[in-house]
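Asks: First the structure, which I've put down as structure tokens, then a few questions once you've had a look.
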């Protein structure tokens, strides 16, 4: 999956109200939008359209707009209408999803300073691409600060009161799979944008779950999914949507199929024992750890482990280097992007579980991490963080300390402006 950046590309013609104009550089124009009425989002839509068209070329596309921000319904209608006009002017013809060569899901989210629009582009069986723009809020201009080299896009997925262990996202057609302690629930998306429960599968297990339960949900190509829980493996077929669970001591996959490495999970605790299969080069074991993340090098893969003693271990198949001064928490996930060195590691802050967590992107030019983004604040402690199968995004589960709801997000890295 390619995550497209803010890097300038050849300008394309975009429609503006009552006239046509070429998009100018994004950074100064975005700040001008603060002086415009809230219904006029033309500049951001122009830039977003250019970025999408750079991925798809002239094509028939479907468009779903999901508002996760404080914009009004009037604003959403205006954004939708103007964006469709920009699409048509750029050779993107909006059709039904069954006739589309590319499916575009646009999420309108926000942070303290800006609205953040994230478009996920799915073309056939290709890995999805992500492009994004930010739009300063109306009113007084936000303080201008030197931007970080990269940014983390945080797209809300789902929230509920019941505990969530992990979430799986199917983009086309849109579906969510929620892993809970006692069941797995499938949701499909209606044309109205609302999620509707399709079915649920009970999880059968003989032994009681450990107190600090963890789980891992993996989407599969030859069947729908596998769900790993302590001492239990559940598998769902694709056609009949039948799921069966068995007692199992099989190792859990640590990353995507492109970086195959498995580790044995303790059935009575909340961490991995450290025994690896097939191993990293000559190394067959790591210290007991919570999570691991691969960082691809030119001739090898560097694996990072968050050990239960609080240290970070970097292993390359020959050496094991302990890194003690990172300030990281126990959750990490690697993502592939078009930014910087091509691979970044998303790491949580060192939260004690009683205050909100944060996520920041790091690179490893050598064996020491270098922060390459600002920290993205979460609403509570992160309880799960896993790389998605595409490798270019991760899913995070948090528990909101104010509402006590479990919330899920998709995280991806975008190059800075």
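The values are calculated or read from the model by the stated rules, or taken from the named source; none is laboratory data. These figures come from a predicted structure and were not determined experimentally. Because the Cβ atoms are built from the backbone with ideal geometry, glycine has one as well, and the counts that use them run over all protein chains shown.
Asks: Please state which one of 274, 353, 340 is over 25 Å from the mean Cα position of the chain (by Cα) and surrounded by fewer than 21 Cβ atoms within 10 Å (Cβ to Cβ).
Replies: 274
Asks: Looking at region 71-80, is at least one residue under 20 Å from residue 175 (Cα atoms) and not in a helix (DSSP H, G or I)?
Replies: At the first step, the residues of region 71-80 found to be under 20 Å from residue 175 (Cα atoms) are none.
No: region 71-80 contains no residue that is under 20 Å from residue 175 (Cα atoms) and not in a helix (DSSP H, G or I).
Asks: What's the total number of residues in region 81-97 that are in contact with a helix residue (DSSP H, G or I) (Cβ under 9 Å, 6 or more places away or on another chain) and more than 15 Å from residue 57 (Cα to Cα)?
Replies: So the answer is 3.
Asks: For region 363-370, check the following and say yes or no: at least one residue is within 22 Å of residue 254 (Cβ to Cβ), crowded, with 24+ Cβ neighbours inside 10 Å and without any contact (Cβ under 8 Å) to a residue 24 or more places away in the chain.
Replies: So far as region 363-370 goes, no, none of its residues is within 22 Å of residue 254 (Cβ to Cβ), crowded, with 24+ Cβ neighbours inside 10 Å and without any contact (Cβ under 8 Å) to a residue 24 or more places away in the chain.
Asks: Could you identify the single residue in 135, 144 that is modelled with pLDDT under 85, over 13 Å from the mean Cα position of the chain (by Cα), buried (at least 22 other Cβ atoms within 10 Å of the Cβ) and on the phi < 0 side of the Ramachandran plot?
Replies: 135
Asks: Could you tell me which residue of region 37-68 is modelled with the highest pLDDT, considering only residues that are under 24 Å from residue 192 (Cα atoms) and out of contact with any helix residue (DSSP H, G or I) (no Cβ under 9 Å at 6 or more places or on another chain)?
Replies: Among those that are under 24 Å from residue 192 (Cα atoms) and out of contact with any helix residue (DSSP H, G or I) (no Cβ under 9 Å at 6 or more places or on another chain), it is 66.
Asks: Might you check whether a residue that is at pLDDT 95 or above, part of a loop (DSSP other than H, G, I, E, B) and surrounded by 14 or more Cβ atoms within 10 Å (Cβ to Cβ) occurs anywhere in region 234-245?
Replies: Looking through region 234-245, none of the residues is at pLDDT 95 or above, part of a loop (DSSP other than H, G, I, E, B) and surrounded by 14 or more Cβ atoms within 10 Å (Cβ to Cβ).
Asks: Just give me the residues in region 313-325 being closer than 13 Å to residue 369 by Cα and touching a residue at least 24 places away in the same chain (Cβ under 8 Å), in sequence order.
Replies: 313, 314, 321, 323
Asks: Another question, if that's okay. What number goes with the only condition from (1) under 18 Å from residue 181 (Cβ atoms); (2) surrounded by fewer than 22 Cβ atoms within 10 Å (Cβ to Cβ) that residue 377 does not pass?
Replies: Going through (1) under 18 Å from residue 181 (Cβ atoms); (2) surrounded by fewer than 22 Cβ atoms within 10 Å (Cβ to Cβ) one by one, residue 377 breaks only (1).
Asks: I've got another one for you. Which number in (1) farther than 24 Å from residue 379 by Cβ; (2) at pLDDT 95 or above; (3) surrounded by 15 or more Cβ atoms within 10 Å (Cβ to Cβ) marks the one condition that residue 219 misses?
Replies: Of everything listed in (1) farther than 24 Å from residue 379 by Cβ; (2) at pLDDT 95 or above; (3) surrounded by 15 or more Cβ atoms within 10 Å (Cβ to Cβ), residue 219 misses just condition (2).
Asks: For the condition closer than 30 Å to residue 336 by Cβ and at pLDDT below 90, what is the one hit in 184, 152, 130? Show your work before the answer.
Replies: Details: 184 fails: at pLDDT below 90; 152 fails: at pLDDT below 90.
Answer to the selection: 130.
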